[in-house]
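Any read-out appearing in this document is the output of simple, stated calculations on the displayed coordinates, not a laboratory observation. No experiment lies behind these values; they were computed from the predicted model shown. As a convention, Cβ positions derive from the backbone with ideal geometry for all residues, glycine included, and neighbour counts pool all protein chains shown.
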Amino acid sequence: MESWLKNHDRGTVLLLYIQPGASSNALAGIHGDRLKVKIKAPPREGEANEGLQEYFSGILRIPKSKIYLIRGESSRQKDLLVELPPEKTIILLRELLK
């Protein structure tokens, strides 16, 4: 399993490194043991966190209500819980990392 993906009772935890204020939303490879994600939203008043949840809702094809920021609210290193099995999560994300 990928170093940036962990099993969880409710689905999958993604270990992320966020670059807010980017020109577009995109997966940007690996940063240490985390998946690097570029987010257009600026890093103020939770806008980047909201943008992150919206981005993953779209690429994983699940409602935003099934995505939770469980660590890193004001940090670039964030842990995101998605209510989706790890097997399905990794398939969807690997397609975008190619």
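Here are some notes:
- Checking Ile39 against (1) surrounded by fewer than 14 Cβ atoms within 10 Å (Cβ to Cβ); (2) in contact with a Phe, Trp or Tyr (Cβ under 8 Å, 6 or more places away or on another chain); (3) not small (Gly, Ala, Ser), the condition it does not meet: (1)
- Residue match in the stretch 9-18 (condition: in contact with a Leu (Cβ under 7 Å, 6 or more places away or on another chain) and farther than 17 Å from Leu93 by Cβ): yes
- First in the stretch 35-54 and polar (S, T, N, Q), second anywhere and part of a helix (DSSP H, G or I), Cβ under 8 Å, 6 or more apart: Gln53/Lys64
- Index of the failed condition, Asp79 passing every other in (1) among the acidic types (Asp, Glu); (2) exposed (fewer than 14 other Cβ atoms within 10 Å of the Cβ); (3) under 11 Å from the mean Cα position of the chain (by Cα): (2)
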